[in-house]
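Colleague: Quick one: this structure, given as structure tokens, is what I'll be asking you about.
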Amino acid sequence: MGADLYLAEDTLLGDDFLRQLMSVGEVDLLVAIPSYNNASTIKQTVQAVEESYQQNFIRERVVILNVDGGSTDHTTDVVSTMDGRRNVGYRGLTSLRTVHRVTTQYAKSPSPGMALRTVLATADLLRARSCAIVSPTTTNLDASWIANLLRPAYRQNFEFVAPLYARSRYQGLLARNLLYPMSRALFGRRIREMYSEEWGFSGRLATQCLSQNVWNDEAIRVRPEAWMALTAICSDFKCCQSFLGPRLPPAAAGGIDIVEAIRQTVSSLFRYLEIYQDHWLDRTGSQEVPTFGPDHELSADGKPSNQEKIFGMFRNGVAELDPILASILTPDTHAQIKEIATLDPSSFRFGFELWVKTLYEFATSYHHAVINRDHVVQALVPLYRGRMYSFFLEHADSSPEEIEADSEILCLEFERQKPYLVERWKAKS
């Protein structure tokens, strides 16, 4: 480390934080926990990380990094005053090295992009070989998750490690119907979870990402994890997936805010298509990536959301946004959307061919900025609800195997129609 430590940007890493890092020295492994008002859960998260270190990496030099976005509930105090700073493990475990814990508050309000930048700067300064980021809101995170995210980069020279989760049939529908198949078709790697709060990466990838002048880009400030995955893919770095198990939502969490989820993830995906267009425009097909554990696990558990309400919001949205949809979609696609909106709910279908064509037209309208880009993405929300409702009808009695087979057909449809996207992307608006 040495003199490198003093080259850090003063505005990024404060003096107190730098002093903490000097006392740590170089490390092999770094696990970062971004936080914001997580005082009630972060202790459990830190203990899981320490337990993983003491179970799986007893000889390695390790550090736990808490990067906080302005908590007002003493989250950072919980981390800094926890017992167990010495080599005293949980459940009788011990380590041959100290498990260092450092904490810093990078801003007065949370910013995933700024949090990641702080993590990357720390990893670079400490010359960490393998890193992982985990969320303190994941209530069932355990020691095995940490090991599964760290090992591929540390032991097997992978650069990016995406998580895989066990899902019920109605979980992860945005990823299954849009984010995964579209990113797979365009970027050519079959990584199922690019938008997640847990992932792993190498020190080499950390240094490469840190050096890029992208941190003012809104997409990277909001959803930097997908950008990091795509940076690895487009740099031809080795990527893999590692199965973690079921991911339970936070105990106090309500239902998923579809509008906000689409605003964040789809906006960033469309933006990344522009950033990396030289990589994907001429690429065809897709490739598997090495996977540790099952490449998916789907159960028949769970119940669908309020189907009647979802269909009503789809139908009303198509009517209310008619002028906006007309500016985004081709006349033929727009006419088909309006036609299916008139169908009886029991016979409604939003088929794969129309769904893919719709998304590709939205992506190109975003690219050409035919209207305000935020309005483009927001206009997709009711159409996604229509696709959700169609999914519920199609798979009311399907087995997990049938749902997975159907998902693969959707992925192949995205690949089949990719030339249509390329043609419209290159055309002048």
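Bear in mind that the values in this text are calculations on the coordinates, not laboratory data. A quick note: this is a predicted structure, and the numbers were derived from the prediction, not measured. For neighbour counting, all protein chains shown are included, and Cβ atoms are generated from backbone atoms with ideal geometry for every residue, glycine included.
Colleague: Relative to the longest principal axis of the chain, what angle (0 to 90°, nearest 10) does the C-alpha long axis of helix 15-24 take?
Modeller: 70
Colleague: For the range 307-426, rounded, prolate or oblate, judged on the Cα gyration tensor with a ≥ b ≥ c (square roots of eigenvalues), a/c < 1.5 rounded, else prolate if a/b > b/c?
Modeller: Verdict is oblate for the range 307-426.
Colleague: Can you tell me the 0 to 90 degree angle between the C-alpha axis of helix 373-394 and the longest principal axis of the chain, rounded to 10?
Modeller: In the chain, helix 373-394 runs at an angle near 80 degrees to the longest axis.
Colleague: To the nearest 20 Debye, how big is the dipole of the chain about its Cα centre, given +1 on the beta carbon of each Lys and Arg and -1 on that of each Asp and Glu?
Modeller: Magnitude of the dipole: close to 520 debye.
Colleague: What residues qualify as long-range amide H neighbours of Arg189, i.e. H under 5 Å apart, gap of 5 or more or another chain, H built at 1.01 Å from N?
Modeller: It is Gln287, by chain and number.
Colleague: Any of Lys338/Lys428; Lys309/Lys418; Lys238/Lys357; Lys309/Lys357; Lys357/Lys428 with alpha carbons more than 28 Å apart? Name them for me.
Modeller: Over 28 Å Cα-Cα: Lys309/Lys418; Lys238/Lys357.
Colleague: Can you give the angle from 0 to 90° between the axis of helix 331-340 and the longest principal axis of the chain, with both taken from C-alpha atoms, to the nearest 10?
Modeller: Rounded to the nearest ten degrees, it is 90.
Colleague: Which cross-chain or sequence-distant (5 or more) residues have an amide H under 5 Å from the amide H of Ser242, H modelled 1.01 Å from N in plane?
Modeller: Ala162, Leu164, Phe292
Colleague: Below 8 Å between Cα atoms, with a sequence gap of 6+, how large is the relative contact order for the chain in percent?
Modeller: Relative contact order here is 15 percent.
Colleague: Another question, if that's okay. Rounded to the nearest 500 deg cm²/dmol, what is the calculated helix-only ellipticity per residue at 222 nm for the chain, with -39500 (n - 2.57) per DSSP H run of length n ≥ 4?
Modeller: Only helices count here, giving -15000 deg cm²/dmol.
Colleague: Positive end of the charge dipole of the chain (Lys, Arg +1 and Asp, Glu -1 on Cβ, about the Cα centre): tell me which of Leu421, Ser23, Ile409 has its Cα farthest that way.
Modeller: Result: Ser23.
Colleague: What are the ³J(HN,Hα) values, in whole Hz, obtained from phi via the Karplus relation 6.51 cos²θ - 1.76 cosθ + 1.60 with θ = phi - 60°, for each residue of the range 144-156 in sequence order, with x given for Gly and Pro?
Modeller: 3J(HN,Hα) across the range 144-156, in whole Hz: 5, 4, 4, 4, 5, 7, 8, 4, x, 6, 7, 9, 10.
Colleague: Cross-link candidates for Lys108: which aspartates and glutamates have Cα within less than 20 Å, leaving aside residues fewer than 8 places away along the same chain?
Modeller: By straight Cα distance, Lys108 reaches Glu9, Asp10, Asp15, Asp16, Asp68, Asp73, Asp77, Asp217, Glu218.
Colleague: Compare Pro163, Pro323, Pro382 in a GNM of the chain, Cα atoms joined below 10 Å, and give the one with the largest fluctuation.
Modeller: With Cα springs under 10 Å in the chain, the top fluctuation among Pro163, Pro323, Pro382 is at Pro323.
Colleague: Follow-up. For Arg189, Arg19, which order do you get if you count the other beta carbons within 10 Å of each Cβ and list the fewest first?
Modeller: By the 10 Å Cβ count, ascending, the order reads Arg19, Arg189.
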